[in-house]
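Structure, as structure tokens:
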Amino acid sequence: MSFDTLGLSADILRAVEEQGYREPTPVQRQAIPVVLAGRDLMASAQTGTGKTAGFTLPLLQKLSANAGAAKGRRPVRALILTPTRELAAQVGDNVQDYSKYLSLRSLVVFGGVSINPQMMKLRGGVDILIATPGRLLDLEHQNAVDLSKIEILVLDEADRMLDMGFIHDIRRVLAKLPAKRQNLLFSATFSDDIRALAEKLLHNPAQIEVARRNTASEQVTQHVHFVDKKRKRELLSYLIGRDNWRQVLVFTRTKHGANHLAEQLNKDGITAAAIHGNKSQGARTRALADFKANTIRVLVATDIAARGLDIEELPHVVNYELPNVPEDYVHRIGRTGRAAATGEALSLVCVDEHKLLRDIERLLKREIPRIAEHGFDPDPSIKAEPIVNGRQARGQGGRGGQGGARSGNRDAGARNDRPRAARQGGRPQGDSAAPGNGQPRRSRPPRRKPAGNA
Ligand code: AMP
């Protein structure tokens, strides 16, 4: 089946063709006709399924079909809400790509950066606004945006928005929208909370459900290499150099570990940058852009910072340290082998991490094949030690209680990409989520289905 049969205009098809997409993905095949027909939609689809084009293409088609009436300060007609800045930026890039032959204007707004330029741009007229909820409300309170003419609302990754405690902000946004509008809700999982939200939001919705195209087992080649903790960096540098890996996403458990590893790799002559919640938005955007442009070879990330990153055809993911939560393994390796590409995921596992590996393999329901580089065999005399995560190691006792106020919720970046419980006190969670006794602890509510259908 080709895109031509879906009822999209020639200008949109041309832009899609330039992206190199040959045929629509299952979510696109199902969602595009529903949205074009004007129906509400409840879609179960994760990142990696092509969901963004699934809602963006028909949205553009609908807006451009009725364009032209308003000149000058155009009211915002479509609103796409996303949980994080990174996702907002990615959706914004996609909207730009797909609308390049249309005369529609789009704008991305999120917290953590100056609000004034966003206000200026809104004043110039915007058709499609991609926003995180907190910044959108700030703009609305300052009368910088009028939401009363919204025709189409998209809630993207609704489950993550609820996980992050955005439900009140979402309700406040909904209260500003006109009653008559089309609503599209995308979520990876359908918890009771999501269903409750959907019930209030959607009218007679079409429902679609698609499995992720690249499940952990299908398109990603996975390997484990046992190695002593002290020699992980050496092994990583060796493999990158020997096999001439150009684009490697490396995961560490902690922000401190990410910084340290990036520094060490740079010393080894391998260009690397770290990306995590303590980095400024500018630094994170720059690191990601450099990585995508191949000016740095290695991006070292924590789980939280990497969630939602879409880097096309990423060939290599390395688990420099295994995640405390087995589901995070599936999310991590989902960064590679996306869309049509295939990828390789390598886990460097030291003796302390054997239990984490067992938990992951239990989740995957299979053993990950082992590989061994000659000269890097683990020293059998080294005994396992408890895993000490960053904050406990530095004796800071976590960030609990810092961000419980509403202002903490509003700045929708990686710093806040944590459930509300974590931000309102309690145990340290987020980028280093286990207590310091080596026992992995499931501290987040499950966001996605585990491997197999994740
Ligand atoms: P998404 O699930 O929207 O985050 O998309 C995941 C990736 O799939 C992105 O890199 C898209 O550019 C890519 N993609 C979307 N639609 C298609 C398609 N029809 N064919 C190939 N790749 C696609």
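Every number in this text was worked out from the coordinates using simple rules, so none of it is lab data. These numbers come from a predicted model, not from an experiment. All Cβ positions, glycine included, derive from the backbone under ideal geometry; neighbour counts span all protein chains shown.
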A 26 angstrom limit on the alpha carbon distance is what I want to check against. Which of Lys100/Lys149; Lys51/Lys355; Lys100/Lys255; Lys51/Lys200; Lys176/Lys292; Lys279/Lys355 exceed it?
Lys51/Lys355; Lys100/Lys255; Lys176/Lys292; Lys279/Lys355
Exactly which trypsin sites (Lys or Arg not before Pro) in segment 149-205 are in a DSSP loop and have at most 11 other Cβ atoms within 10 Å?
Lys180
Taking R0 as 51 Å, what FRET efficiency do you get between His374 and Arg22 from their Cβ-Cβ distance, rounded to the nearest 0.05?
0.75
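How about segment 79-134: which trypsin sites (Lys or Arg not before Pro) there are in a DSSP loop, with at most 14 other Cβ atoms within 10 Å of their Cβ?
Working: sites: Arg85, Lys100, Arg105, Lys121, Arg123; in loops: Lys100, Arg105.
Here the sparse-neighbourhood loop sites are Lys100.
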When the expected Rg is taken as 2.2 N^0.38 Å, what fraction or multiple of it is the alpha-carbon Rg of segment 3-209?
0.95
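Once the piece of chain linking Ala65 and Gln264 is laid out straight, how much longer is it, given 0.36 nm per residue of separation minus the C-alpha distance between them?
Extra length available between Ala65 and Gln264 comes to 66.3 nm.
If each residue of separation counts as 0.36 nm, what is the full-extension length gain between Lys121 and Arg242 once their alpha-carbon separation is subtracted?
Length difference between fully extended and current span is 38.8 nm.
Within 10 Å of each candidate Cβ there may be at most 16 other Cβ atoms; applying that plus a DSSP loop requirement, which trypsin sites (Lys or Arg not before Pro) in segment 240-327 survive?
On the way: sites: Arg242, Arg246, Arg253, Lys255, Lys267, Lys279, Arg284, Arg286, Lys292, Arg297, Arg307; in loops: Arg246, Arg253, Lys279, Arg297, Arg307.
When the trypsin sites (Lys or Arg not before Pro) of segment 240-327 are filtered for loop state and at most 16 Cβ neighbours within 10 Å, Arg246 remain.
Could you order the peptides 78-84, 142-148 from most to least packed, using the average number of other C-beta atoms within 10 Å per residue? Could you put the intermediate results ahead of the total?
On the way: 78-84: 25.9, 142-148: 14.9.
The densest-packed peptide leads the list: 78-84, 142-148.
Starting from the Cα coordinates of segment 220-371, work out the convex hull volume and express it per residue in Å³.
On the way: hull volume 15.7 nm³, N = 152.
Taking the convex hull of the Cα positions in segment 220-371, it is 103 Å³ per residue.
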